[in-house]
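Since the structure comes first, as structure tokens, the remarks are kept for the end.
The values are calculated or read from the model by the stated rules, or taken from the named source; none is laboratory data. This structure is a prediction, so every number in the text was calculated from the model and none was measured. With ideal geometry, Cβ positions are generated from the backbone for all residues, glycine too; neighbour counts draw on all protein chains shown.
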Amino acid sequence: YSTSAGIENPINPSIKVHCTQLLINGNFVDSASGKTFPTYDPRTGDVIAHVAEGDAEDIDRAVCAARKAFDEGPWPKMTAYERSKVLFRFSDLLDKHIEELATLETWDNGKPYEQSAKIELPMISRIIRYYAGWADKIHGLTIPADGPHLVQTIHEPIGVAGQIIPWNFPLLMFAWKVGPALACGCTIVLKSAEQTPLSALYAAKLLHEAGLPPGVLNVVSGFGPTAGAALASHMDVDKLAFTGSSETGKIVLELASKSNLKPVILELGGKSPFIVCKDADVDKAVELAHFALFFNQGQCCSAGSRTYVHEDVHDEFIEKAKARALKRSVGDPFKAGVEQGPQIDSEQFEKILRYIRSGIESGATLITGGDRLGSKGFYIQPTVFTNVKEDMLIAQDEIFGPVQSILKFRDMDEVIRRANSTRYGLAAGVFTNDLDTANTLSRALKVGTVWINCYDVFDAAIPFGGYKMSGQGREKGVHCLSNYLQVKAIVAPLKNP
Ligand code: ADP
């Protein structure tokens, strides 16, 4: 590999940024235009590194490499067991390089280092192992059709997958996308988010060290309207997988259909209810609701961003929710014990502050937070609003920041109606010890995941995806394999005429 000389991490100088070019056909290369763009440290707003900026021409080069690796092999032609072994070796390398990967992730994204190293990296190698295990267990059926025919189905890789990922969980999204596609025998062009290009390049390098043949995974850093749009509309891409906002989801779906009708899987935004029922242990409910919203600086598509609290426990809940938010430790994400780092960039930072102002103007009660923290970087105070109503913008839009909105409710039918009164349908949390309540709510909520007395449990085997404008299709688990497979029916007479 030709990689750059290396830029030292200020906290841990032994860790450097080495990979800043595009990864095309197994080589790190400059972009065709020679252009680069800066990626920033959200702790300070300073530039970390300049990264090659891919656009339509680079996407085309990457798709050509992926096409060749798919059509001529070796990837889809290798035995499934060989492919599985590459993925297992990759997951071992991920475990071995936790420190470098977690440092890059925190440096580029701002999330707490302990979260990167102890929660996310283990989830990432786990999901790769999960799909490594599937690679040699994908098979079709023999079908007892009417008539004297032998009918089989075989499951073939769909081809070249275009994958566009966001910045909130750069490596985890890389793993959710790359793991199943490779297990199925697809080849890939992945476009990382422009805010966080570093960890995907490093992980892709490790995947090549694990034995991935050139051209099977190509990684293009770059911007959405240029590189992203070129990938979504490329005529030689057979499948598109996108995670990001619902607004951009609409754009890529349109680009996909206007070009070659490639099928698309979309993981989009959310405005998930977290429902605290009247029988709840308030201390535990406060803690879980706090985690559901504030985890990852509030930058989760699944964030429990509408906290519905039953009137019987409401007043106690809001006092304790305020105390918990005030106790939240916000600061340099590389420091031990820090729960919340900076937001990703100035754009998101300003957007969140605008939503906070809109909450105040629309009559919600700000009980804590509401402003930036410090004068450098993109830190925001953990913020809690009460007296929130569904017609307020802060209850409708995805804020993607550390802003908790608490809404009071009285009875079950009412909370079901209100929780469902959103264009989103990604997830929901239910906090209760009552079995009937848990059963009723989990069936009535129009969402892809209901977490009962837990939240953000993202096991590799559990399918994840949205109802309504939160997306189409499912990722993780066995359900994700179908995204990357074609089912072919083969029919022959039992006896030739
Ligand atoms: P956010 O607003 O949180 O950055 P986006 O949905 O815009 O979320 O971004 C998610 C991913 O989609 C990123 O990789 C981004 O570059 C990409 N993207 C943004 N705009 C487009 C577009 N017009 N076409 C294709 N991809 C896009």
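Figures for the structure shown
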item: Criterion (within 16 Å of the ligand (Cβ to nearest atom), β-branched (Val, Ile, Thr) and free of Cβ contacts under 8 Å to residues at least 60 places away in the same chain) met by exactly one of ILE356, ILE367, ILE352, ILE360; result: ILE352
item: Tally, over the stretch 199-252, of residues that are in contact (Cβ under 8 Å) with a residue 12 or more places away in the chain and either of a type in the set (Asp, Glu) or under 17 Å from VAL178 (Cα atoms) (or both); result: 35
item: One residue from ALA438, ALA419 being hydrophobic (A, V, I, L, M, F, W, C), surrounded by 15 or more Cβ atoms within 10 Å (Cβ to Cβ) and in contact with a Ser or Thr (Cβ under 7 Å, 6 or more places away or on another chain); result: ALA438
item: Close pairs (8 angstrom Cβ cut-off, 6 or more residues apart or separate chains): touching a residue at least 40 places away in the same chain (Cβ under 8 Å) and part of a helix (DSSP H, G or I) in the stretch 281-299, surrounded by fewer than 24 Cβ atoms within 10 Å (Cβ to Cβ) and acidic (Asp, Glu) anywhere; result: PHE291/ASP456; ALA292/ASP456; PHE294/GLU339; PHE295/ASP456
item: Which numbered condition GLU99 misses (of (1) in a helix (DSSP H, G or I); (2) in contact with a Phe, Trp or Tyr (Cβ under 9 Å, 6 or more places away or on another chain); (3) in contact (Cβ under 8 Å) with a residue 24 or more places away in the chain); result: (2)
item: Test: residue in the stretch 355-368 that is exposed (fewer than 13 other Cβ atoms within 10 Å of the Cβ), at negative phi, at pLDDT below 95 and outside any strand (DSSP E or B); result: no
item: Sole exception among (1) more than 15 Å from the ligand (Cβ to nearest atom); (2) assigned to a helix (DSSP H, G or I) for LYS278, by number; result: (2)
item: Single residue of the stretch 230-255 satisfying the filter (part of a helix (DSSP H, G or I) and either modelled with pLDDT under 95 or over 20 Å from the mean Cα position of the chain (by Cα) (or both)) that is nearest to the ligand (Cβ to nearest atom); result: LEU255
item: Conditions (1) in a loop (DSSP other than H, G, I, E, B); (2) touching a Gly at 6+ places or on another chain (Cβ under 9 Å); (3) touching a residue at least 60 places away in the same chain (Cβ under 8 Å); number of the one not met by ALA336; result: (2)
item: The stretch 395-406: number of residues that are more than 16 Å from the ligand (Cβ to nearest atom), of a type in the set (A, V, I, L, M, F, W, C) and either crowded, with 24+ Cβ neighbours inside 10 Å or in a loop (DSSP other than H, G, I, E, B) (or both); result: 1
item: Extreme residue, surrounded by the most Cβ atoms within 10 Å (Cβ to Cβ), among residues of the stretch 461-490 that are of a type in the set (D, E, K, R) and more than 16 Å from the chain's Cα centre (by Cα); result: LYS468
